[in-house]
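Quick notes on the structure that follows.
Nothing in this text is a laboratory measurement; each read-out follows from the coordinates by a stated rule. The model shown is predicted, which means the values in this text are computed figures rather than measured ones. Positions of Cβ are backbone-derived with ideal geometry, glycine not excepted, and every protein chain shown enters the neighbour counts.
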Amino acid sequence: MKKILFICLGNICRSPAAEGIFKKLIKEGGLESQIQCDSSGTSGYHQGQPSDSRMREAAFERGYSLESLSRPFVKEDFENFDLLIVMDQSNYKNVLAKAETPEDVKKIQMMLGYCTIHEGINEVPDPYYNDRFDYVMDLLEDSCNGLLKSLT
Ligand code: 4NP
C-alpha cells in the first residue's frame, strides 16, 4: 500500500483538489487496495472547514467531488505517509522544518515535478486571492496523472 499526502497552506483549495482528482484516478484504475491519499495544510487557519466553494465548483465542473475537511499537517504524517507532496516552495520549507531524518526529507516532493504537459513551472499558485481555480485544476490534473504513472 502506497500512502500519499497532498499539502498546501490552508488545505481548503489546492491540496483537497489534488486529493479529489487523485481519489478519482485511484477509483477508475481499481487501485484502492494499493494506493491511498489524504490532504493537509501547513496552517491550521481553516481547521474543520470544507474546501473553498470556488474550488469545489471548479472541481465539480470537471466531475470531481471534494469532500475532505481541512486539517493541519502534523509531524506524525512523516511516519504515516510514503510521499508528502507540496504545492509551492513555502509549503516545502514549512514541511521540511518538521523533518527529523534524511528519510523524512526524501519523502517531500513538489507537485508539479510530476507534470508532463505543464513543464517549466514548479509551483501551483495559491488561487485563494487570485481566483485562478481553473488553471489550478489544469495543473493538478496533469500532475496527478503523472504521479499515478510514477507509482504504477
Ligand atoms: P490553499 O489556499 O493553501 O490552496 O488551501 C489558501 C487558503 C486560505 C488561505 C491561504 C491559502 N488563507 O490565508 O486563509
**Q.** segment 71-152: trypsin sites (Lys or Arg not before Pro) in DSSP loop, at most 14 other beta carbons within 10 Å
**A.** K75
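Treat the count of other C-beta atoms within 10 Å as a stand-in for reagent exposure and order K23, K2 from fewest to most.
K2, K23
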Q. Once whole DSSP H runs in the chain are found, which of them have Cα atoms spread over 24 Å or more along the helix axis and a mean Kyte-Doolittle score of at least 0.0?
A. 133-151
Q. Rounded, prolate or oblate: which fits the chain, taking a ≥ b ≥ c as square roots of the Cα gyration tensor eigenvalues, rounded meaning a/c under 1.5, else prolate when a/b beats b/c?
A. rounded
Q. What is the sum of charges around N94, taking Lys and Arg as +1, Asp and Glu as -1, for the other residues whose C-beta is under 13 Å from the C-beta of N94?
A. +1
Q.
Taking every DSSP beta bridge with both residues inside the chain, roughly what % is antiparallel (nearest 5)?
A. 5
**Q.** Value of relative contact order over the chain, rounded to a whole percent, pairs C-alpha under 8 Å and six or more apart
**A.** 27
Q: Of the listed pairs K27/K98; K24/K93; K107/K149, which have alpha-carbon separations greater than 27 Å here?
A: K27/K98; K24/K93
**Q.** 3J(HN,Hα) from dihedral phi, segment 37-48, Karplus parametrisation 6.51/-1.76/1.60, rounded to Hz, x for glycine, proline
**A.** 9, 8, 9, 7, x, 6, 10, x, 3, 10, 3, x
Q. Which FRET efficiency value, to the nearest 0.05, do you get for Y45 and T152 by plugging their Cβ-Cβ distance into 1/(1 + (r/R0)^6) with R0 = 35 Å?
A. 0.50
Q | For Q34, net neighbour charge (Lys/Arg +1, Asp/Glu -1) across residues whose Cβ lies under 15 Å away | A | +2
Q. If we count other beta carbons within 10 Å of each Cβ, what is the order of F78, F60, F6, fewest first?
A. F60, F78, F6
